[in-house]
1. How much accessible area does residue 26 have with a 1.4 Å probe, in Å² rounded to the nearest 10?
2. Note the full-extension length gain between residue 47 and residue 18 as 0.36 nm times their separation in residues minus their Cα-Cα distance, in nm to one decimal.
3. Where Lys and Arg each count +1 and Asp and Glu each count -1, what net charge lies around residue 8 among other residues with Cβ under 12 Å from its Cβ?
Amino acid sequence: MESFNLTQLVDSPTRVTSHSTTLIDHVFTNTPCNILETNVPSYSISDHFPICITFCINHPVRVLFISSLHTKRWTPWVKIASFWTFLNSLGQT
């Protein structure tokens, strides 16, 4: 990815099981100077941890494309409200 001038931001494991720890989810950027913080909270609503990125924007944002979110599976047992509460608590520390 370096040959494309891209920097990998995630440096913590994103999937942890009883028998393995793997950095399997990646986020790349071509402007690492705009990234303020990258965090992988150990709060799991699936078999992968979320990736949280805080970045600064010094110019107006122009949407060049719109991508859609595709999920591999939906787990109705997920407690979305508790996940949002956890995410909101991250900004208070």
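1. Spelled out: residue 26, probe radius 1.4 Å, area about 100 Å².
2. Here the segment from residue 47 to residue 18 would lengthen by 9.3 nm.
3. Around residue 8, the charge tally is -3.
The values are calculated or read from the model by the stated rules, or taken from the named source; none is laboratory data. Model, not experiment: these values are computed from the prediction. Because the Cβ atoms are built from the backbone with ideal geometry, glycine has one as well, and the counts that use them run over all protein chains shown. Accessible surface is based on the protein model in full, side chains and every heavy atom, while ligands, DNA and RNA are left aside. Shrake-Rupley method; radii C 1.70, N 1.55, O 1.52, S 1.80 Å.
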